[in-house]
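The next block holds one structure in the form of structure tokens; read it before the comments.
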Amino acid sequence: MHTKTLTETRRPLLQDGNRQAFLLLRSVYTVAPILFGLDKFVRVLKPHWEAYLAPWMNGMIGMDAHTFMYIVGAVEIVAGVLVALLPRIGGYVVALWLVGIIVSLVSVGGYLDIALRDFGLLVGALALSSLASARPHTRRARS
């Protein structure tokens, strides 16, 4: 019996909505966390990232908020690279990270608009993981 190869069954990108969605989400969830992570060090986009850290979280971390933001930046960079390399897992990592950010933003108060935006980003990260799981090269070969 003849089995089709991946190139025989793959439709052109503009005709494959699932592939388009996957590539768009993978690109955004690779680039955005890396850029936000880098900005924790250079502070071009937001000079005072510490404002988003809930006071009760600040008390738990055991270091000053400024130093903690360097750790946050490193984690965000790693999450972006993980999405690029392993989007199924990386999407879940980004979603979990966004849960933490949302909890902090809601706790601080005054940032509910950003928390709502981040909830939308969380849903997109979950969609990325779902699309990545459905891709042929990310699933184990079936016999």
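How big is the charge dipole of the chain about its Cα centre, in debye rounded to the nearest 20, if each Lys and Arg gets +1 on its Cβ and each Asp and Glu gets -1 on its Cβ? The dipole magnitude comes to about 880 debye. Compactness of region 54-135, taken as the C-alpha radius of gyration over 2.2 N^0.38 Å, stands at 1.19. When the alpha-carbon atoms of the chain are used, the pair Rg, Dmax equals 18.4, 65 angstrom. The long axis of helix 17-42 is offset from the longest Cα principal axis of the chain by roughly 30 degrees.
For region 48-143, run through the trypsin sites (Lys or Arg not before Pro) and keep only the ones in DSSP coil with at most 11 other Cβ atoms within 10 Å of their Cβ.
Details: sites: R88, R117, R139, R140, R142; in loops: R139, R140, R142.
In loop regions of region 48-143 (DSSP not H, G, I, E or B), the sparsely surrounded trypsin sites (Lys or Arg not before Pro) are R139, R140, R142.
The C-alpha atoms of the chain define a longest principal axis, and helix 65-85 lies at about 0 degrees to it.
Here the relative contact order of the chain, from alpha carbon pairs under 8 Å that lie six or more residues apart, stands at 26 percent. The C-alpha atoms of the chain define a longest principal axis, and helix 112-134 lies at about 30 degrees to it. Dividing the helix sum by the residues of the chain, where each DSSP H run of 4 or more adds -39500 (n - 2.57), gives a mean residue ellipticity at 222 nm of -24000 deg cm²/dmol.
Values quoted throughout were computed directly from the atomic coordinates according to the rules given, and no laboratory measurement underlies them. Remember, it's a predicted structure, so these values are computed and weren't measured experimentally. Ideal geometry is used to build each Cβ from the backbone, glycine not excepted, and the neighbour counts take in all protein chains shown.
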